[in-house]
Amino acid sequence: MANLQTAAPAARGTKPRAKKHAFHLDMTPMVDLAFLLLTFFMLTTTFNKPTVMQVAMPVKGPATPVHESKSLTLLLDKNQQVRYFFGLNPGSNAARLHTTSFAADGLRQVLLKFRQQPDGVVLIKPTDEATYQNMVDALDEMNITDQKKYALVDLSEADKALLTSRQL
């Protein structure tokens, strides 16, 4: 707001001196301009749109049989580790369990090699220690490597036994 500044009357018989006015800056127009600009930019900007991955879920019905020779099983484990084996059920052969990470030279290379096999199916099985981010990373790798067939599957007892025997 504007201020009126008044000076005290000068005493008689003294020489008239120049009046010293105190400087006062009115900030009201600057604040108004700041709020107008803020409102303008808030109304004209576009907010970040969430990125969503499309996952096609199959219709309810009988399970599709998967050949053991044409399958790759990924076990998402703790500490950003991916344990994988070729086939469906590990059985008693624990030597075929491999470990890799979500890095570009890890899971991606395994999936690229597996993609060369026609009609291959990747089974993704998250463990209890795996995080949601691990599953998102695995699905991202499926899209990056252009895997045609993959499925999210529950962890079986044979898989749990294989993981516990491998960690001991």
Exercise. Can you give me the number of residues within segment 37-57 that are surrounded by 10 or more Cβ atoms within 10 Å (Cβ to Cβ) and modelled with pLDDT of 80 or more?
Key: 4
Practice problem: Could you list, in sequence order, all residues of segment 119-137 that are without any contact (Cβ under 8 Å) to a residue 40 or more places away in the chain and part of a loop (DSSP other than H, G, I, E, B)? | Solution: ASP128, THR131
Exercise. Tell me which of these ALA130 doesn't satisfy, since it passes every other one: (1) out of contact with any Asp or Glu (no Cβ under 8 Å at 6 or more places or on another chain); (2) surrounded by 14 or more Cβ atoms within 10 Å (Cβ to Cβ).
Key: (1)
Practice problem: Go through the residues of segment 36-59 one by one and say whether even a single one is in contact (Cβ under 8 Å) with a residue 12 or more places away in the chain, assigned to a loop (DSSP other than H, G, I, E, B) and more than 22 Å from the chain's Cα centre (by Cα). | Solution: no
Quiz item: Given the conditions (1) surrounded by 12 or more Cβ atoms within 10 Å (Cβ to Cβ); (2) within 19 Å of MET53 (Cα to Cα); (3) without any contact (Cβ under 8 Å) to a residue 60 or more places away in the chain; (4) not hydrophobic (A, V, I, L, M, F, W, C), which single one is not true for GLY106?
Solution: (2)
Quiz item: Any idea how many residues of segment 100-128 are among the hydroxyl-bearing types (Ser, Thr, Tyr) and modelled with pLDDT under 90?
Solution: 0
Quiz item: So, of the residues in segment 65-82 that are of a type outside the set (Ser, Thr, Tyr) and over 22 Å from the mean Cα position of the chain (by Cα), which turns out to be surrounded by the fewest Cβ atoms within 10 Å (Cβ to Cβ)?
Solution: PRO65
Exercise. Identify, by number, the condition in (1) of a type in the set (Ser, Thr, Tyr); (2) touching a residue at least 40 places away in the same chain (Cβ under 8 Å); (3) in contact with a strand residue (DSSP E or B) (Cβ under 6 Å, 6 or more places away or on another chain) that SER165 doesn't meet.
Key: (3)
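The values are calculated or read from the model by the stated rules, or taken from the named source; none is laboratory data. Predicted model only: the values in this text are computed from it and were never measured. In this analysis, Cβ positions are derived from the backbone assuming ideal geometry, glycine residues included, and neighbour counts consider all displayed protein chains.
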